[in-house]
Each structure stands twice: as C-alpha cells, then as structure tokens.
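The structure appears right after this line, and notes come after that.
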C-alpha cells in the first residue's frame, strides 16, 4: 500500500504510539526509580513467592533466570547514559505496518541527542528540548508552542523507557541476536526488542503493538523502531547548540518572546522571579 494513503497512520503512530514505553527521549526519570523497578521484580522472583510467580506466568526455572538477565541488561543499558557525561548520537524514528522488513520503513524521521555535562539538547521528530545552566526550553513544532522555565535541577538522566509502568508487566524474556525480546502482560505494546552494541549501549529499540490499527485504509499491524547511530563519546560540541537564542528572547525582567523561525509560536512563560 502506498505511503500517501497512510497519512493518518504516520502522524498518529508517531505521536501516540511511541509514548507508552519510549519517551524518549523527551522525558526524564531517576536511576533510583529504574533500579527499584528492576530490583523489585528480581526480589519477588528470588523470594518465598517464587513458585507462585513462576506458576502465574508459566515460567520454568531457566526462563526465570533469563527474565532476570534481561532486566539486568535493560537496567545496565539505561544507567550507562546517565553516567556518560559527554556524548552525541543520531536517532532514526521509523514505522512499519504489515511488515517486518526493517530495512524498508513506511516512514522515518531523524533526531539528535547531545549532552555536555549539565547541558542537553534533543531533537525528536521535529520537537526540540534544550537544557542549559539557567533555563529549560521545550519546543513543539506541531502545536507551535514553546515552554520556558527556570532550571533548578541540574541532573540529566535520559531514559528510554517508563520503568514504573514496564516493571510490573514483563512476563518473560527471550534472547535474540545482540539483545533481548521482552513480552508484556498488557498494554498497547505486546513485546519490544532491545538490541545492544558490544559495549552494551542501545542500537535499536523496536515496539510491536498488540492490536491492529485502522486509520481509514483497513487494519494493519504496527511496529515502531528507534535506531541509534553515530554514537560519539566526548564529542567536540559547539556551546551555541545549548543556547535559547535561536528560539526566544528573554529580558532582564523575565519576559519571553519567540523569535526567528518561531516568532509566531505561542510562548508559555514559566520563569520565576528569583
């Protein structure tokens, strides 16, 4: 089926479909949350209720070991991005329907992530997030909306999953080439793949949606994929990438005005007077 017949699918899958377990990259959580989530499952499996847990999900002891191994790999992968203070990478967001030919996406969009210690830049499907010493800016191109607030919390903890939601729903883990496949008990996503490079960094995250979707051209099976490329540790980064000047002007009184290509965007000013 030709791509032009799937405009609804392109927009809705990207804007709604990537949200449940990928934030991707536009949200932040803490490593302690991630550790609690994974550790909670492992403690449950190791405790006195082991037989009940195995019976509930029909797991044999070796499957239980693989489940624990998969959760540990997921936790370790996420933690690496928290610990790494300087890096850059490109992200390719792809969608597939009625196909598992992952070399031929129905549609794809490009993004980028740059971190330099406490500064952070992310472009995701046209949306932009900037964190610098003083401010946090979020720009939504589709809604033509900019939010600016003070940056009081300097920690940067990019995480690619909503761990609190995920931890309670992983029923089993399967080993695949260069990674793991995680099966979920419920939710929009039935399973997802975590594919890692030799150092344990993320190469591909792939989500398989449980139910077919109909966007006016018949029902289709939907798969979304995030592919991480051109990963560089300690890159030479132009500090201007973390500036808000391309997007807004901020006066000494804290007044914020959109500028340049974004001059007609609505600005939500959440700056506090210090």
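Observations, loosely collected:
- Test result for residue 180, out of contact with any helix residue (DSSP H, G or I) (no Cβ under 9 Å at 6 or more places or on another chain) and modelled with pLDDT of 90 or more: no
- Scanning region 99-108 for residues that are free of Cβ contacts under 8 Å to residues at least 60 places away in the same chain and either touching a helix residue (DSSP H, G or I) at 6+ places or on another chain (Cβ under 9 Å) or not in a loop (DSSP other than H, G, I, E, B) (or both) gives a single hit, 108.
- Taking each residue of region 241-259 that is surrounded by fewer than 16 Cβ atoms within 10 Å (Cβ to Cβ) and looking for partners that are in a loop (DSSP other than H, G, I, E, B) with beta-carbon atoms closer than 6 Å, six or more apart or interchain, yields 249/259; 254/271.
- Where residue 60 falls short, out of the listed (1) surrounded by 13 or more Cβ atoms within 10 Å (Cβ to Cβ); (2) at pLDDT below 85; (3) out of contact with any strand residue (DSSP E or B) (no Cβ under 7 Å at 6 or more places or on another chain): (1)
- The set of residues in region 91-107 being buried (at least 16 other Cβ atoms within 10 Å of the Cβ) and closer than 23 Å to residue 210 by Cβ consists of 93, 94, 95, 96, 97, 105, 106, 107.
- Checklist (1) more than 19 Å from the chain's Cα centre (by Cα); (2) touching a residue at least 40 places away in the same chain (Cβ under 8 Å) applied to residue 231, failing item: (1)
- When the criteria are applied in full, residue 88 meets the requirement of being outside any helix (DSSP H, G or I) and surrounded by 19 or more Cβ atoms within 10 Å (Cβ to Cβ).
- Filtering 262, 228 for residues that are surrounded by 13 or more Cβ atoms within 10 Å (Cβ to Cβ), in contact with a strand residue (DSSP E or B) (Cβ under 7 Å, 6 or more places away or on another chain) and closer than 24 Å to residue 85 by Cβ leaves a single hit, 228.
- Entirely in region 109-159, the strands (runs of 3 or more DSSP E) that have 3 or more residues that are within 20 Å of the chain's Cα centre (by Cα) and closer than 24 Å to residue 271 by Cβ: 119-124, 127-131, 135-140
The values are calculated or read from the model by the stated rules, or taken from the named source; none is laboratory data. Everything numeric here is computed off the predicted structure, so don't read it as measured data. Glycine gets a Cβ as well: all are built from the backbone with ideal geometry, and neighbour counts include every protein chain shown.
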